[in-house]
Amino acid sequence: MQDLLKTFDLAPAALGHLTSAVQFGFITGTLAFAFLTIADRFSPSKVFFYSALFGALFNLGMTWEGNTAGSLLLLRFLTGFSLAGIYPVGMKIASDYYRKGLGTSLGFLVGALVVGTAFPHLLRAFTGNEALPWKLVLFITSALAAFGGIIILLLVPDGPYRRPMLIKNFSAFISVFKIKEFRAAAFGYFGHMWELYAFWAFVPFILAMYKQLHPNLSFDTSLMSFIVIGSGGIACVTGGFISRRLGSKRTAATALFLSGLCCLLSPLSLLQSSVEILLIFLIFWGLVVVADSPLFSTLVAKHAPEEARGTALTIVNSIGFAITIFSIQLLNFLSLQISHYYLFLFLAPGPVLGLYFLYRKRNATKL
């Protein structure tokens, strides 16, 4: 990003704007996909392919030397918009293939997302201060995106349980919330999302701060960030298998409770001087903070009407990712106002409210 700012002579504030443009594009895209019921009216595999292809092209467009600040913001927005046809549509494809074992299959899918999220930290750990040329990064990521879309198109046809929406229903993204079991799962997911991305965003910050306060300690912040965040990929897969025995709702609730407990215990962990205890605590938190994500998506898919499942997953994703902007910005603001040791306490309301909505009517859902 720094190279990008220098190449196009952009102001430092443009870095935040370019990053936010991707998230805003994704939220706008998921709202549009949900309103137009794209994933339910059209072949999910083809939607995935075209979204990956257009996302790759918009991403590659950043390398054009004639770009301006406005065109770069538009390209990042369109890249984020294209992602709306990747993640939620990927979950729709999985739900079309599995009725039993959906939690396990989504565990692998979300686990891949988690490892992908953590991967830049690993890359940073091995390259140190010698960053890869920014154009090369864009060429590689664009090629991988297009390749992923081609794989889905050629090797993953529409699933046997797909029920296409034959009649256009532009109110489906709202009407699904009338289903109380769906509503409970969705609001549980929203509570989970309040915590998840803010935790991920601030893990490197907390580790760097801890290292500064204890200069005698020696550990690689980037590598530790990868381990803390990336370990969640294992938790997603493991949680999927555990849910076969305990049920998706109970397994998700247990993970959400444990991650909420970590929020409350975070000051104690950050105030002590043992790096081993800190890392064990953060790795455990990294496991439980995302283990419930595929299970909430499983519950959402299970309780949505078959012909509107893709739309339901998309709108829940849209609202969930919009919530992450508020929690990240809140921590960003509070980091300038209070001691960093107490930042994560403000993530606790997410799990608390998520559990409240999930169990507000205990007998509403039988798993």
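What the table shows:
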| item | result |
| --- | --- |
| Residue match in region 9-29 (condition: at pLDDT 90 or above and β-branched (Val, Ile, Thr)) | yes |
| Every residue from region 242-297 that is charged (D, E, K, R), closer than 17 Å to VAL228 by Cα and touching a helix residue (DSSP H, G or I) at 6+ places or on another chain (Cβ under 9 Å) | ASP292 |
| Candidates PHE257, PHE219, filtered to the one that is surrounded by fewer than 23 Cβ atoms within 10 Å (Cβ to Cβ), touching a residue at least 60 places away in the same chain (Cβ under 8 Å), of a type outside the set (Lys, Arg) and outside any helix (DSSP H, G or I) | PHE219 |
| Filtered residue count, region 157-198, keeping only those that are at pLDDT 90 or above and over 24 Å from PHE296 (Cα atoms) | 1 |
| Restricting region 66-94 to residues that are over 21 Å from GLY29 (Cα atoms) and in contact (Cβ under 8 Å) with a residue 24 or more places away in the chain, the residue that is surrounded by the most Cβ atoms within 10 Å (Cβ to Cβ) | ASN67 |
| Residue match in region 161-169 (condition: closer than 30 Å to TYR342 by Cβ, of a type outside the set (A, V, I, L, M) and crowded, with 20+ Cβ neighbours inside 10 Å) | no |
| Unmet requirement for MET224, which otherwise passes all of (1) closer than 18 Å to VAL110 by Cα; (2) touching a residue at least 12 places away in the same chain (Cβ under 8 Å) | (1) |
| Residue match in region 69-88 (condition: at pLDDT below 90, in a helix (DSSP H, G or I) and farther than 30 Å from GLY107 by Cβ) | yes |
| Residue in region 134-149 that is assigned to a loop (DSSP other than H, G, I, E, B) and either touching a residue at least 24 places away in the same chain (Cβ under 8 Å) or buried (at least 18 other Cβ atoms within 10 Å of the Cβ) (or both) present | no |
| Test result for VAL300, touching a residue at least 40 places away in the same chain (Cβ under 8 Å) and over 20 Å from ARG99 (Cα atoms) | no |
| Among (1) modelled with pLDDT of 90 or more; (2) under 17 Å from VAL290 (Cβ atoms); (3) surrounded by fewer than 23 Cβ atoms within 10 Å (Cβ to Cβ) - the single one GLY107 does not satisfy | (3) |
| Any hit, region 266-283, residues being under 19 Å from the mean Cα position of the chain (by Cα), polar (S, T, N, Q), over 24 Å from VAL176 (Cα atoms) and surrounded by 17 or more Cβ atoms within 10 Å (Cβ to Cβ) | no |
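The values are calculated or read from the model by the stated rules, or taken from the named source; none is laboratory data. On a predicted model such as this, the values are computed, not experimentally measured, just so you know. Backbone-built Cβ (ideal geometry, glycine too); neighbour counts: all protein chains shown.
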